Amino acid sequence: MTQTYANLIGLLKTKLEGLLDDDDNAIFKNVYAYGENEFEGYPCAVILDKGGAGQVIDTQRIERAFTFDIFLYQEQSKAGKTKSEAATNLRTVVDHVIQSFDQDPQLGGIVMRVIVVDVSLDFTSRNGTFNFARFTVQLNDLVNNYS
């Protein structure tokens, strides 16, 4: 199958939607495959296309790298999670995401390899108070060279 941003972002969305916590409940309330800032529940995830690169392997194939940013959000408020609960919950969610890519490095055999390039965790109080994490994920695959 020829990989495209459209099918790979869908694959990442499905992967995140399928993650379960220790009680077999879905980890994310919502997973968005587009920019979003009005969330319906927490924790939630936003997946954005970031870029890509390619390298000629031989006359027949190119190794293509598709790069995505995955943002995870956990609110903290008096009505929601306390500061401590929000920080702890986000760490747990980040661990689940990392483990899911470690345990399925080819996304069910669809890509050659998944590389978690970078992970950062932070806090912001713009448009609400959130703990958040950003993953930069690279999906590598071989595609036919049509030159």
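Quick test of your reading of the structure: Asn89 fulfils all but one of (1) out of contact with any Ser or Thr (no Cβ under 9 Å at 6 or more places or on another chain); (2) assigned to a loop (DSSP other than H, G, I, E, B). Name the failing condition by number.
Only one criterion is unmet by Asn89, namely (2).
Quick check on the range 123-137: of everything there that is modelled with pLDDT of 80 or more and in contact with a Phe, Trp or Tyr (Cβ under 6 Å, 6 or more places away or on another chain), which residue is surrounded by the fewest Cβ atoms within 10 Å (Cβ to Cβ)?
Arg134
Any idea which residue in the range 53-79 is farthest from Val111 (Cα to Cα), counting only those that are among the aliphatic types (A, V, I, L, M), touching a residue at least 60 places away in the same chain (Cβ under 8 Å) and not in a loop (DSSP other than H, G, I, E, B)?
Leu72
Scanning the range 22-35 for residues that are assigned to a loop (DSSP other than H, G, I, E, B) and touching a helix residue (DSSP H, G or I) at 6+ places or on another chain (Cβ under 7 Å), which turns out surrounded by the fewest Cβ atoms within 10 Å (Cβ to Cβ)?
This residue is Ala33.
Picking from Leu90, Leu19, Leu107, Leu11, which residue would you name as being touching a helix residue (DSSP H, G or I) at 6+ places or on another chain (Cβ under 9 Å) and at negative phi?
Only one candidate qualifies: Leu19.
Every residue in the range 59-79 that is of a type in the set (Val, Ile, Thr) and in contact with a Gly (Cβ under 8 Å, 6 or more places away or on another chain), please.
Answer for the range 59-79, where residues must be of a type in the set (Val, Ile, Thr) and in contact with a Gly (Cβ under 8 Å, 6 or more places away or on another chain): Ile62, Thr67.
Identify the single condition in (1) over 18 Å from Ile9 (Cβ atoms); (2) assigned to a helix (DSSP H, G or I) that Phe101 does not satisfy, given that it satisfies every other one.
With (1) over 18 Å from Ile9 (Cβ atoms); (2) assigned to a helix (DSSP H, G or I) applied to Phe101, the lone miss is (1).
Could you give every pair whose Cβ atoms fall below 8 Å, whose first residue belongs to the range 23-49 and is in contact (Cβ under 8 Å) with a residue 12 or more places away in the chain, and whose second residue is polar (S, T, N, Q) and part of a strand (DSSP E or B), counting only separations of at least 6 or pairs across chains?
Phe39/Asn30; Gly41/Asn30; Tyr42/Gln74; Pro43/Gln74; Cys44/Asn30; Ala45/Asn30; Asp49/Thr67
The values are calculated or read from the model by the stated rules, or taken from the named source; none is laboratory data. These numbers were taken from a predicted model, which means no experiment stands behind them. Because the Cβ atoms are built from the backbone with ideal geometry, glycine has one as well, and the counts that use them run over all protein chains shown.
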